[in-house]
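Everything on this sheet refers to the single structure shown next.
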Amino acid sequence: MNQNIGDADRAGRMLLGSSLSIAYFAIPRSVVSDVVGVIAVVLLLTSLVGWSPLYFVLRRSTRSDKDAKPLPPP
């Protein structure tokens, strides 16, 4: 599984996911808050892992040669 999310994309996902997670706790419990929570979790997880299943299916990548290289597996 190669990373397909670039550094700028990861930073944006982290920022948006953090904002949505704060909004999740700020809005009253409803279906909307549940959707916001799920989107926040997905954005945070994909930014931490560096791999997006949607990008994989669409065969897209925002990663470039200038981005930080992942650590080799142990």
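The values are calculated or read from the model by the stated rules, or taken from the named source; none is laboratory data. Remember, predicted model here, so these are calculated numbers, not experimental data. Note: ideal-geometry Cβ built from the backbone for every residue, glycine included; neighbour counts use all protein chains shown. To get the accessible areas, we keep the full protein, side chains included, count just its heavy atoms, and leave off ligands, DNA and RNA. Shrake-Rupley method; radii C 1.70, N 1.55, O 1.52, S 1.80 Å.
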Sort out which residues of the range 17-34 are surrounded by 15 or more Cβ atoms within 10 Å (Cβ to Cβ) and aromatic (Phe, Trp, Tyr), and write them in order of number.
TYR24
With respect to LEU44, determine if the residue is at pLDDT 95 or above and either of a type outside the set (A, V, I, L, M, F, W, C) or surrounded by 15 or more Cβ atoms within 10 Å (Cβ to Cβ) (or both).
yes
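Taking the range 1-37 as the search range and keeping residues that are aliphatic (A, V, I, L, M) and assigned to a loop (DSSP other than H, G, I, E, B), which one is nearest to the chain's Cα centre (by Cα)? Walk me through it before giving the result.
Keep residues of the range 1-37 that are aliphatic (A, V, I, L, M), which gives 1, 5, 8, 11, 14-16, 20, 22-23, 26-27, 31-32, 35-36.
Filter again for assigned to a loop (DSSP other than H, G, I, E, B), leaving 1, 5, 27.
Numbers: MET1: 16, ILE5: 9, ILE27: 22 Å.
The residue in question is ILE5.
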Mind checking which pairs have a first residue in the range 17-36 that is without any contact (Cβ under 8 Å) to a residue 24 or more places away in the chain and farther than 26 Å from VAL49 by Cβ and a second that is part of a helix (DSSP H, G or I) and open to solvent by less than 60 Å² (accessible area, probe 1.4 Å), Cβ under 6 Å, 6 or more apart or different chains?
ILE27/SER33
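This table checks each residue for (1) modelled with pLDDT of 95 or more; (2) aliphatic (A, V, I, L, M); (3) open to solvent by less than 100 Å² (accessible area, probe 1.4 Å).
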site: MET1; (1), (2), (3): no, yes, no
site: ALA8; (1), (2), (3): no, yes, yes
site: LEU15; (1), (2), (3): yes, yes, no
site: VAL36; (1), (2), (3): yes, yes, yes
site: ALA40; (1), (2), (3): yes, yes, yes
site: LEU54; (1), (2), (3): no, yes, no
site: VAL57; (1), (2), (3): no, yes, no
site: ARG60; (1), (2), (3): no, no, no
site: LEU71; (1), (2), (3): no, yes, no
